[in-house]
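All remarks here apply to the structure that follows.
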Amino acid sequence: MKMTYVTLRVGSIEKTQAFYEDILGFEQERVINPRPGMTIVFLKGRDSSGVELIQEEEFTPRANNVVLTFRVEDMAATLEFLKEKQIPLLMGPVPIGGGGQMVQIADPDGQMIGLIDVF
């Protein structure tokens, strides 16, 4: 079994898509409008990962306990990039064992994102 993508319901598809493209390096794969008032954007990661963003006319933010975690090649460069983009760190950097570190940020809808440099 192989995970294909994660689905996120979002308040602003434009803001959230820009975040995942500009900050996390995803690329738009396709956009569909299955019914009036609903837009779905599929984003493809550098590997086989994917994120599906769904925006509907009525959006209710929901708190969850999910953290999407991505591996980065260079934590120092990542921290500098986040600083340049004015993305605040919600946690870290903290050691995670194996000589690695983790930080947490959030996307425009408050979805927690973990960034680690070892796995």
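The values are calculated or read from the model by the stated rules, or taken from the named source; none is laboratory data. Keep in mind the model is a prediction, meaning the values are calculated, not measured. Quick reminder, even Gly has a Cβ in these numbers, built from the backbone with ideal geometry, and neighbours come from all protein chains shown.
Below are the figures for this structure:
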| read-out | value |
| --- | --- |
| Any chance MET75 is over 15 Å from PHE26 (Cβ atoms), hydrophobic (A, V, I, L, M, F, W, C) and in the same structural domain as GLU27 (by TED's automatic domain parsing) | no |
| Residue satisfying condition, being touching a Leu at 6+ places or on another chain (Cβ under 9 Å), modelled with pLDDT of 85 or more, outside the structural domain of MET91 (by TED's automatic domain parsing) and surrounded by 12 or more Cβ atoms within 10 Å (Cβ to Cβ), within set LEU8, LEU68 | LEU8 |
| Qualifying residue in region 47-54 (condition: part of a loop (DSSP other than H, G, I, E, B), of a type in the set (D, E, K, R) and without any contact (Cβ under 8 Å) to a residue 24 or more places away in the chain) | yes |
| Criterion violated by ALA18 - all others in (1) among the small types (Gly, Ala, Ser); (2) closer than 21 Å to ASP117 by Cα; (3) not assigned by TED's automatic domain parsing to the domain that holds ASP117 satisfied | (2) |
| Subset of region 1-11 (residues that are in contact (Cβ under 8 Å) with a residue 60 or more places away in the chain and part of a loop (DSSP other than H, G, I, E, B)) | VAL10, GLY11 |
| Any chance LEU24 is part of a strand (DSSP E or B) and touching a residue at least 60 places away in the same chain (Cβ under 8 Å) | no |
| Residue in region 12-21 that is surrounded by fewer than 14 Cβ atoms within 10 Å (Cβ to Cβ) and either part of a loop (DSSP other than H, G, I, E, B) or among the aliphatic types (A, V, I, L, M) (or both) present | yes |
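Yes/no matrix, rows are residues, columns are (1) surrounded by 13 or more Cβ atoms within 10 Å (Cβ to Cβ); (2) under 15 Å from the mean Cα position of the chain (by Cα); (3) of a type in the set (Phe, Trp, Tyr):
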site: GLU29; (1), (2), (3): yes, no, no
site: ILE32; (1), (2), (3): no, no, no
site: GLY37; (1), (2), (3): no, no, no
site: GLY50; (1), (2), (3): yes, yes, no
site: PHE59; (1), (2), (3): yes, no, yes
site: ASN64; (1), (2), (3): no, yes, no
site: VAL72; (1), (2), (3): yes, yes, no
site: LEU79; (1), (2), (3): yes, no, no
